[in-house]
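Below: the structure, in structure tokens.
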Amino acid sequence: MSSLQAPRGTFDVLPADAAQRTVLEQHARRILGAAGYGRIETPTYEATELFARGVGEATDIVQKEMYSFDDGGGRSMTLRPEGTAPVCRAYLEHGMHKLPQPVKLWYLSSFFRAEAPQKGRFRQFWQVGAEAIGAAGPETDAELIILLADVLRAVGVKDTHLRLSSLGTAETRREYREELAAYLHAHEDGLSPEVISRIDLNPMRAFDADDRRTKETMRNAPILLDRLAPEDAEHFERVKVLLDEAGVSYELDPTLVRGLDYYARTLWEFTSSSLGAQSALGGGGRYDGLIEQLGGPPTPGVGWAAGIERMLLAAGEQPVPVNVVDLFVAIAARDSTEAHQAGFKLANAARQAGLSAQLELAGRGLKGQLKHADRLGARYVAIIGDPMQISLKDMEAGDQTEIAPEAVIPTILRGSRVA
Ligand code: AMP
């Protein structure tokens, strides 16, 4: 074995895993496409400033998890740690604010965060995400939550649980942050040093803390949900009613925080109890201030992202479509250049005709080739000895007939139509 290995926290997607991922992607495309979301792909890296401004200077992502590098020309670039800021950048760059609103987009891409790897947590991982930019109403929030629930259900994710909250607007949050910071300063005795060091930077993160003492202290902390401005409370109420009507169950969790700074109003997260410590499947929220923060006009937006690896872990083994092999071309006359040429031509012609066809490429003996064809599940094997005479073996029926080369493909096509 070579000493070269995939970098820590990264993984290879081998063909056996790729089948599951393809199925997941098909579900996402079907569900999001049917709701009018168009696919978008943004570059793997962006100007570091986009994430510093878009994700938030105070977040873990920006403070310690970004893979940043100099592009050779003195500009700092960063491998994308998330998808919303790049999608908003593209929305502005391509003048999508001039299109009929909202602009609805979805993506399936890989992202990069310098985190400590563990089960379900990687340094390069994949997310499917959806964003609706330019719509302020609660129907958009509810639509996105329901679409994520639909994707999770279609993928077969088990034991899902939805937590829901509202952060209010930036102004409410500012006032609340002051109140919370004052509470935290007054109770520093009951907080971990890390939480204390962040009080003035981001006091909300205190709700996220794992240590018992901080958790205890946070039990009596002021709650933002109780302090929403009337129009934010009304928006949140409407979201809840729409979810109730759609039969989507959720739990209100006023302590819900997510690792990104741009959220306002609705915030949600799906978890699965069948995952271990890394139980978050995906989540999202409303980010009405983000586009403006990136230099655009005031534009509402809402979206989510869900982790592919977590979804697949929580779904367990799922049926995947089997690869059908219509034809395996075996070479009986191994020393005959003509036989090899005829076999090559036949395999190509079969593929052109829409069949799935494989040609013997490993120099096996005839017995080995038939065994291999059987292993592949090939429906027919064309055995080429004399290039003008081909033996076509029906692997299911077991019978073998001599036919002219030009009759092979029509025979298989007739066969596949019957099957
Ligand atoms: P976030 O962009 O942080 O809101 O994450 C959305 C979802 O992406 C999470 O709920 C996870 O399912 C997944 N995710 C985030 N970070 C990682 C990671 N380092 N490795 C694997 N999945 C991740």
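In the chain, what percent of the accessible surface is made up of carbon and sulfur (1.4 Å probe, ligands and nucleic acids excluded)?
C and S atoms contribute 52 percent here.
Partners of residue 119 within straight-line reach, counting lysines whose Cα lies under 21 Å from its Cα and excluding those fewer than 8 residues away in the same chain: 64, 158.
Sorting 321-329, 249-257 by average packing, meaning the other beta carbons within 10 Å per residue, from highest down gives 321-329, 249-257.
Computing Rg and the Kirkwood Rh from the Cα coordinates of region 121-253 gives a ratio, Rg/Rh, of 1.02. Treating the angle as unsigned and between 0 and 90°, give the value, to the nearest 10°, between the Cα long axis of helix 408-418 and the longest Cα principal axis of the chain. Helix 408-418 and the main axis of the chain meet at about 60 degrees.
Most tightly packed first, judged by the mean number of other beta-carbon atoms within 10 Å of their residues, the peptides 295-307, 65-77 read 295-307, 65-77.
Peptides 403-413, 283-293 ranked from most to least packed, by the mean per-residue count of other Cβ atoms within 10 Å: 283-293, 403-413.
Normalised by the number of residues in region 1-85, the mean separation of alpha-carbon contacts (under 8 Å, six or more apart) gives a relative contact order of 23 percent. Counting only residues at least eight positions apart within a chain, or on another chain, the lysines with an alpha carbon under 16 Å from that of residue 367 are 393. When you work out D = kT/(6 pi eta Rh) for region 238-388 at 4 °C and 1.567 mPa s, using the Kirkwood radius from C-alpha pairs as Rh and the Stokes-Einstein form, the result is 62 µm²/s. Surface analysis of region 1-106 yields an accessible area of 55 Å² per residue, using protein heavy atoms and a 1.4 Å probe. A crude spin-label estimate for the pair residue 175 and residue 213, with each label 7 Å from Cα along the Cβ direction, gives 3.4 nm.
Suppose a student asked you for the relative contact order of region 44-124, using Cα pairs under 8 Å spaced at least 6 residues apart; what percent would you report?
30 percent
For region 298-309, 3J(HN,Hα) computed residue by residue from phi via the Karplus equation (6.51, -1.76, 1.60; θ = phi - 60°) reads x, 9, x, x, 8, x, 8, 9, 10, x, 5, 5 Hz, glycine and proline entered as x. Charges were assigned to the Cβ only: +1 to each Lys and Arg, -1 to each Asp and Glu. The resulting dipole of the chain about its Cα centre is roughly 1160 debye.
Look at the alpha carbon pairs under 8 Å that are at least 6 residues apart: their mean separation over the length of the chain gives a relative contact order of 15 percent.
Report, to the nearest 10°, how far helix 170-186 tilts away from the longest principal axis of the Cα atoms in the chain, using its own Cα long axis and a range of 0 to 90°. For helix 170-186, the angle is close to 70 degrees.
Report the gain in length on full extension from residue 16 to residue 64: 0.36 nm times residue separation, minus Cα-Cα distance, nm rounded to one decimal.
Result: 13.9 nm gained on full extension.
Once the Cβ-Cβ distance of residue 30 and residue 238 is raised to the sixth power relative to R0 = 35 Å, the FRET efficiency obtained is 0.80.
Over the chain, dividing the summed -39,500 (n - 2.57) contributions of all DSSP H runs of at least 4 residues by the number of residues returns a 222 nm mean residue ellipticity of -11500 deg cm²/dmol.
The values are calculated or read from the model by the stated rules, or taken from the named source; none is laboratory data. Nothing here was measured: the structure is a model prediction, and the numbers come from that model. Cβ: placed from backbone, ideal geometry, glycine included. Neighbour counts: every protein chain shown. Surface areas here come from the heavy atoms of the whole protein model, side chains and all, with no ligands, DNA or RNA. Shrake-Rupley method; radii C 1.70, N 1.55, O 1.52, S 1.80 Å.
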